[in-house]
1. Using Cα pairs closer than 8 Å and at least 6 residues apart in sequence, work out the relative contact order for chain C, in percent.
2. Please list log₁₀ I(q)/I(0) at q = 0.16, 0.26, 0.27 Å⁻¹ for the stretch A:69-131, using the Debye equation with identical point scatterers on the alpha-carbon positions.
3. Show me the three semi-axes of the equivalent ellipsoid for the protein assembly as shown, from the C-alpha gyration tensor (sqrt of 5 times each eigenvalue), largest first, rounded to whole Å.
4. Would you mind getting me the FRET efficiency between D:ARG15 and D:LEU131? Use the beta-carbon distance for r and R0 = 25 Å, nearest 0.05.
5. Across peptide C:105-118, how many C-beta atoms of other chains are within 10 Å of each residue C-beta, on average?
6. Taking the alpha-carbon set of the stretch C:97-142, what are its Rg and Dmax in Å?
7. Mind checking the per residue accessible area of the stretch C:14-89 for me, 1.4 Å probe, whole number of Å²?
8. Do the sum for chain D: with -39,500 (n - 2.57) for every DSSP H run of n ≥ 4, divided by all residues, what is the mean residue ellipticity at 222 nm, to the nearest 500 deg cm²/dmol?
4 protein chains.
Amino acid sequence: MKRETKIAGCEDRIRTSFAKQGLMSTLGATLTNVAPGLVQIAIRPDPAISQQHGFVHAGAVSAIADTAAGYAALSLMPPNRGVLTTEFKINFVAPAVGDRILARGKVVKAGRTLTLAQTEVFAESGGQEKLIALLTATLMAVEGRAGVSD
Amino acid sequence: MKRETKIAGCEDRIRTSFAKQGLMSTLGATLTNVAPGLVQIAIRPDPAISQQHGFVHAGAVSAIADTAAGYAALSLMPPNRGVLTTEFKINFVAPAVGDRILARGKVVKAGRTLTLAQTEVFAESGGQEKLIALLTATLMAVEGRAGVSD
Amino acid sequence: MKRETKIAGCEDRIRTSFAKQGLMSTLGATLTNVAPGLVQIAIRPDPAISQQHGFVHAGAVSAIADTAAGYAALSLMPPNRGVLTTEFKINFVAPAVGDRILARGKVVKAGRTLTLAQTEVFAESGGQEKLIALLTATLMAVEGRAGVSD
Amino acid sequence: MKRETKIAGCEDRIRTSFAKQGLMSTLGATLTNVAPGLVQIAIRPDPAISQQHGFVHAGAVSAIADTAAGYAALSLMPPNRGVLTTEFKINFVAPAVGDRILARGKVVKAGRTLTLAQTEVFAESGGQEKLIALLTATLMAVEGRAGVSD
């Protein structure tokens with residue numbers, strides 16, 4: 001029971017923080033799954049988030065992939081911490097087209113100061129998923145810095 | 001004269017391509033400088049592109065930094081090519097706050113298939129610039145693929 | 001039977017290529033597993049490959065991780081191709097100490113020109129494995145370039 | 001005078017630390033320049049550090065590039081700190097061949113905990129230099145951890 005309460009608390013905290021991200025709302029992104037160490041964010045291809053050839057822009061793919069990694073990291077941190085992205089790297093292996101773009105972030109190694117997380121991004125078309133990008137991110141836990149808590 | 005015409009042609013082509021990027025318009029990004037091998041893009045901090053602490057979202061910073069790198073690469077390619085981002089890596093060294101965020105992309109090494117470009121991102125506040133992020137990207141030249149030309 | 005012959009051919013080719021890598025021999029590295037899309041390389045901690053605190057040097061860890069990724073990519077390419085590393089990124093999550101350091105490379109996405117591979121590096125101590133590093137690499141297939149075939 | 005003493009102390013400390021790196025000696029690497037925020041390391045192409053086509057191995061290039069970045073970071077830290085590589089990314093733009101391979105590391109942004117550094121790697125042939133690789137690294141300052149000081 002306690003563990004469930006804690007998990008629910010973690011989800012609430014992440015949903016509250018996500019709702020404050022103006023960019024996620026601007027991109028039409030939704031937080032579709034939250035579990036300890038695992039977060040999924042989805043967007044729908046749309047001209048408003050496209051690049052010049054009509055695919056979803058690499059920048060929009062990166063934005064949801066980075067956010068999924070960040071919240072996966074945050075989901076394993078104590079309540080009074082905030083999380084900032086130190087760096088990320090993303091490889092694009094197929095164009096971002098389809099019904100939905102799904103970014104699934106998971107923690108690879110949680111540390112006291114730095115957490116390594118990875119996000120796989122899939123294009124979903126007709127119920128099929130295809131890997132389109134892979135992101136690796138270093139997230140930094142921040143404590144006691146004014147304005148930076150989640 | 002010929003060189004100037006060529007440069008003007010390059011700028012036109014990049015401005016036309018940029019105008020097709022729905023995401024750039026959604027983020028309020030503007031193409032402030034175009035020269036062979038050098039492209040600058042600017043955004044203004046706004047709640048619509050923020051993360052949860054009110055800074056400009058790392059995803060929005062990445063989006064303009066990747067785009068600046070991509071157009072810097074494209075500016076050195078023959079007219080019938082398109083450019084796709086293969087991968088990029090970005091380090092964030094200070095929060096994205098200020099009057100404007102400026103992403104300056106330049107080509108490090110132009111190759112036949114792959115181009116390496118780098119973008120420095122600055123926060124401009126009261127006329128002062130401060131480095132906030134550094135991106136390195138590999139861009140791939142694409143020729144004769146339907147729908148991918150710039 | 002045919003498939004087995006092909007796999008054996010792939011292993012021979014990789015073992016022959018590996019034997020030509022002077023650096024692998026200098027580092028005391030051994031090719032411990034070869035399968036289509038999966039290659040493992042091992043080194044033993046030794047003062048000759050250490051950094052200043054006595055851990056295995058990040059450069060030696062990177063060298064075997066990159067090589068494992070490269071051969072995982074090569075294992076899925078036709079015989080007349082060579083493979084070159086275009087770029088890699090590696091995160092270090094724990095010091096490289098133990099009985100052996102094991103780099104396990106696997107292909108994430110095989111493409112005609114570019115292959116994305118990932119290598120997990122483990123420190124093995126007393127039969128236990130611990131993740132110490134994660135590498136993501138882009139490998140380029142090279143055909144018909146003098147001196148570059150494997 | 002004081003500044004010179006400090007710089008000399010910094011160089012001594014880095015030369016002493018470098019001399020403890022077994023890998024650098026194994027690769028035949030030499031520390032050719034040390035200045036605050038700037039460190040250069042050189043190796044000579046040799047079969048002992050080659051990959052399968054006879055070029056200097058990407059792993060050897062990475063090892064000196066990472067080390068140059070690390071010492072550039074260390075050169076700006078107080079004496080009681082040690083430095084560890086958190087992550088690095090390297091792009092290879094030309095084969096590592098020539099008379100010498102030179103890795104020039106410089107600090108991009110020095111922080112209290114994390115420092116961002118970048119290393120350009122050149123192949124020197126007949127007195128001419130050509131860029132062959134570009135590395136970006138995050139270095140972490142470590143204080144008071146047993147065995148980790150430089």
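1. Details: 338 pairs, mean separation 34.9, N = 150.
In percent, rounded to a whole number, it is 23.
2. -0.60, -1.05, -1.10
3. Details: eigenvalues 233, 166, 144 Å².
They are 34, 29, 27 Å, listed from largest to smallest.
4. Numbers: r = 27 Å, r/R0 = 1.06.
After rounding, the FRET efficiency stands at 0.40.
5. Details: counts 0, 0, 0, 5, 9, 1, 3, 0, 4, 8, 1, 8, 1, 4.
Other-chain Cβ atoms within 10 Å of each residue's Cβ, averaged: 3.
6. Taking only Cα atoms of the stretch C:97-142, I get Rg and Dmax of 13.3, 41 Å.
7. Numbers: 2270 Å² over 76 residues.
Roughly 30 Å² per residue, with all protein chains present.
8. On the way: 3 runs with 40 residues, N = 150.
Computed ellipticity for chain D at 222 nm equals -8500 deg cm²/dmol.
The values are calculated or read from the model by the stated rules, or taken from the named source; none is laboratory data. Please read all numbers here as calculations on a predicted model, not as lab measurements. When we count neighbours, we look across all protein chains shown, and the Cβ atoms used for this are built from the backbone with ideal geometry, even at glycine. The accessibility values were calculated without ligands, DNA or RNA, using every heavy atom of the protein model including side chains. Shrake-Rupley method; radii C 1.70, N 1.55, O 1.52, S 1.80 Å.
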